[in-house]
1. Given H placed 1.01 Å from N in the peptide plane, which residues other than close sequence neighbours of ARG76 have an amide H under 5 Å from its amide H?
2. Report the full-extension gain for the segment ALA13 to ASN87: residue separation times 0.36 nm, less the Cα-Cα distance, to one decimal in nm.
3. Return the calculated 222 nm mean residue ellipticity for the chain, to the nearest 500 deg cm²/dmol, obtained by summing -39500 (n - 2.57) across DSSP H runs with n ≥ 4 and dividing by the residue count.
4. Once you measure Cβ to Cβ distances between cysteines in the chain, which Cys have no partner under 4.7 Å?
5. Lysine pairs in the chain with alpha-carbon atoms under 16 Å apart, 8 or more places apart or on different chains: how many are there?
6. With label points built 7 Å along Cα→Cβ from the Cα atoms of ASP29 and SER77, find their separation and express it in nm.
7. On a 0 to 90° scale, report how tilted helix 53-64 is relative to the longest principal axis of the chain, with both axes built from alpha carbons and the result rounded to the nearest 10.
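Where a number appears in this text, it was derived from the coordinates with a stated rule and is not lab data. Bear in mind the structure is a predicted one, so any value in this text is a computation, not a measurement. For neighbour counting, all protein chains shown are included, and Cβ atoms are generated from backbone atoms with ideal geometry for every residue, glycine included.
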Amino acid sequence: MWVCERDGTKVSAGEFCVKCVEYLESRPDASNMSADQKSTEFEYWWGQLKIPFDLMHERLEKLTNRPIYTHELGMRSLDSFLQDCRNW
Ligand SMILES: [Zn+2]
């Protein structure tokens, strides 16, 4: 059992947060979002894995408008990704 840090949902071990998956599906196209909206959403997906990795990875690429190599997620700081969210 783990607790989602975004919405407090209790989730069984090995599963994903249903509320976060629903939230992801409700998000607008990143090209219609402000820099603040994009960086705020990016922070939601950072750290704790709340949704399947592939879905998170795809969404992070949309929020930053660039390809993100998997290894970058472990090597780069959150701040550097937030800059990417703001610089397009
Ligand atoms: Zn959640």
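1. none
2. Details: separation 74, 0.36 × 74 = 26.64 nm, distance 3.67 nm.
Residue separation times 0.36 nm, minus the Cα-Cα distance, leaves 23.0 nm.
3. On the way: 5 runs with 47 residues, N = 88.
Value at 222 nm, helices only: -15500 deg cm²/dmol.
4. CYS85
5. On the way: LYS10/LYS19; LYS10/LYS50; LYS19/LYS50; LYS38/LYS62.
So the count works out to 4.
6. Label at ASP29, label at SER77, 3.4 nm between them.
7. Helix 53-64 and the main axis of the chain meet at about 30 degrees.
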